[in-house]
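The values are calculated or read from the model by the stated rules, or taken from the named source; none is laboratory data. Keep in mind that this is a model prediction, so the values were computed, not measured. Backbone-built Cβ (ideal geometry, glycine too); neighbour counts: all protein chains shown.
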Amino acid sequence: MITATNFGAEDQKYHSQDQSSVENCTLISEILTSDTGSATPSHLSIADAPTATRSYPTPLRLISDQAHQLYTPDELPSEQSLSPTSNSSSPLLSGTQSFNHQSIRLLGHGNATGRAHEVEVLAEYERTRPRSNMRAAFMNMANSIIGAGIIGQPYAMRQAGLLAGIALLVTLTITVDWTIRLIVINSKLSGRRSFQGTVEYCFGRTGLVAISLAQWAFAFGGMVAFGIIVGDSIPHVAAAVWPGLGSIPILGLLTNRKAVILVFIMSISYPLSLYRDISKLAKTSTMALISMVIILITVISQGFLVPTESRDTPSASLLTFQSSILQAIGVISFGQSLLFHNWNACNIAYVSTAFVCHHNSLLIYDSLQAPTIDRFALVTHYSTFISLLACLLMALAGFLTFGSLTEGNVLNNFPPDNVMVNIARLCFGLNMLTTLPLEAFVCREVMATYWFPDKHFSMPFHLLSTTILIISAMTLSLLICDLGIVFELIGATSACMLAYILPPLCYIKLSTRSWKTIPAIVCVVFGFLVMVISLFQTMSKIYRQHGGTAKTC
């Protein structure tokens with residue numbers, strides 16, 4: 001159970017450790033400004049210096065990974081000469097003692113006064129950078145996990161069967177919990193500060209292409225899905241609030257699915273997508289979480305009021321196991337992998353812990369007052385457990401009410417005149433309009449990072465790429481009516497790659513082969529099997545629908 005006492009005790013436990021990093025900065029500053037010929041002033045012994053400085057007889061310059069790279073890798077002194085300390089509370093796997101939240105590079109030469117100034121700047125950054133306690137980190141990560149994908153959990157239960165669906169949810173939640181933590185571990189093992197950087201470090205250009213394509217496809221698929229949700233939600237609300245609206249010229253377009261998608265996305269989502277700074281959209285994170293809570297309460301409470309003709313009693317196969325279980329994995333993965341796709345693209349811009357690009361766990365890790373693997377693991381466990389409860393409640397409430405009739409967007413199963421459902425639809429639709437720009441930001445940044453990694457901001461590229469992304473995603477939203485198909489397709493491809501394949505694959509590459517890599521190998525094999533089989537099943541389903549059974553808009 002999550003209590004203020006638990007998180008408060010953890011925060012107090014590491015408060016002194018957090019202050020030690022600033023003290024170390026001050027100590028190093030004294031060392032660097034010494035007029036003596038050695039690396040330490042006369043009133044300090046070499047034992048007083050942080051471990052990282054003891055292997056070098058000359059003054060050192062310390063810069064963080066968040067500063068610009070001043071030297072090429074060939075100019076760096078050998079890091080094999082460093083002697084890591086065995087400090088169990090150290091936040092970095094390398095044992096670095098000087099700074100408990102970031103990797104440190106040690107560079108020789110340079111003016112001592114200038115070096116001391118840089119250290120003082122870094123110390124000031126340590127004192128003033130945005131930090132979060134355990135409670136805030138938990139809320140950020142819970143908000144990241146409980147995203148728009150929760151709306152498709154009843155549909156996933158229908159695809160898998162009741163018993164198999166419950167087992168899947170539990171198993172995949174445990175797997176996601178593990179791979180979330182694995183990404184942070186891989187980041188420390190590789191010395192890179194992003195998932196994208198880690199994959200490139202492990203697999204070179206091929207890895208960069210794979211992670212960039214997976215990130216872009218997942219974010220773009222999210223844009224398409226959110227557009228479909230807007231078209232599924234707002235027209236129902238408009239027709240219910242204003243009966244006969246469809247017969248009124250011009251205003252009647254509010255009841256037309258395609259007109260609503262076109263007008264609302266171009267008038268709200270498109271202008272918001274033109275922001276350069278993603279932190280401008282910070283408040284959408286809170287709106288998203290509130291919307292998810294409203295939808296969850298609505299589905300649970302209003303299911304009992306659904307007319308008999310709209311219900312369906314699940315058959316024996318629906319209560320146990322369905323042959324389309326792998327497609328269910330894709331749908332569940334889409335919801336859970338919302339946590340993964342921004343881990344890399346969104347940490348291009350450092351934002352405060354109140355806004356984590358919706359799903360940025362590396363920023364959550366780095367924002368902790370004392371970022372250690374153990375503390376981050378605690379936040380992850382609590383967050384994934386809450387996510388599991390929310391998904392189970394949504395899946396069971398929707399599936400047991402509608403059975404084989406359950407749609408990809410479970411709100412579409414409810415009557416159009418249900419007031420509470422219409423409130424949920426309105427909240428969800430408006431939330432998607434403000435969440436869609438977040439996905440556009442990810443797509444745009446992935447494109448810019450891949451094609452123009454060394455170039456500064458370009459307004460023509462910014463405008464052109466944003467416009468193309470919004471119009472293309474909106475066009476697909478106009479043509480596709482089945483939200484379940486989008487969940488399955490994106491979940492079977494990019495979600496599996498981001499959640500089940502790349503994190504353990506990097507871990508296998510970075511770690512020494514032992515029994516500890518066996519779970520990673522199993523996870524990679526599982527991810528590839530799900531990707532191939534689920535993609536085949538989904539494409540077969542699309543082909544059958546094209547033959548005449550497709551859902552009409």
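For the residues Phe264, Phe195, the requirement of being in contact with a helix residue (DSSP H, G or I) (Cβ under 8 Å, 6 or more places away or on another chain) and under 27 Å from Ile332 (Cβ atoms) singles out Phe195.
Only residues that are out of contact with any Phe, Trp or Tyr (no Cβ under 6 Å at 6 or more places or on another chain) and surrounded by fewer than 24 Cβ atoms within 10 Å (Cβ to Cβ) were counted in region 370-383, giving 7. Take the conditions (1) under 14 Å from Glu439 (Cα atoms); (2) modelled with pLDDT of 90 or more; Arg276 misses just one of them, which is (2). Is region 239-257 home to any residue that is surrounded by 21 or more Cβ atoms within 10 Å (Cβ to Cβ) and within 30 Å of Ile508 (Cα to Cα)? No, because not a single residue in region 239-257 is surrounded by 21 or more Cβ atoms within 10 Å (Cβ to Cβ) and within 30 Å of Ile508 (Cα to Cα). Ala219 fulfils the conditions (1) buried (at least 21 other Cβ atoms within 10 Å of the Cβ); (2) touching a Ser or Thr at 6+ places or on another chain (Cβ under 7 Å); (3) under 22 Å from Pro437 (Cα atoms) except for a single criterion, (2).
For the criterion of being of a type in the set (Val, Ile, Thr), in a helix (DSSP H, G or I) and assigned by TED's automatic domain parsing to the domain that holds Ala328, Thr512 fails. Of all the criteria given as (1) more than 27 Å from Met266 (Cα to Cα); (2) touching a residue at least 12 places away in the same chain (Cβ under 8 Å), the one not satisfied by Asp454 is (2). For region 392-434, residues that are hydroxyl-bearing (Ser, Thr, Tyr) and in contact with a Gly (Cβ under 8 Å, 6 or more places away or on another chain) total 2. Taking region 485-505 as the range and being more than 18 Å from the chain's Cα centre (by Cα) and at pLDDT 90 or above as the test, only Leu505 passes.
Yes or no, residue by residue, for (1) out of contact with any helix residue (DSSP H, G or I) (no Cβ under 9 Å at 6 or more places or on another chain); (2) surrounded by fewer than 18 Cβ atoms within 10 Å (Cβ to Cβ); (3) not assigned by TED's automatic domain parsing to the domain that holds Gly303:
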| position | (1), (2), (3) |
| --- | --- |
| Ala397 | no, no, no |
| Ser404 | no, yes, no |
| Leu426 | no, no, no |
| Thr435 | no, no, no |
| Pro453 | yes, yes, no |
| Ser458 | no, yes, no |
| Ile468 | yes, yes, no |
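Taking Ser514 as the residue in question, decide whether it is at pLDDT below 90 and surrounded by fewer than 16 Cβ atoms within 10 Å (Cβ to Cβ). Yes; evaluated as a whole, the condition is true for this residue.
Do we have any residue at all in region 169-188 that's within 16 Å of the chain's Cα centre (by Cα) and within 19 Å of Ala448 (Cβ to Cβ)? The answer is no; no qualifying residue exists. Checking the condition in a loop (DSSP other than H, G, I, E, B) and touching a Lys or Arg at 6+ places or on another chain (Cβ under 9 Å), which residue from Phe402, Phe457, Phe461 passes? After ruling out the rest, the residue left standing is Phe457.
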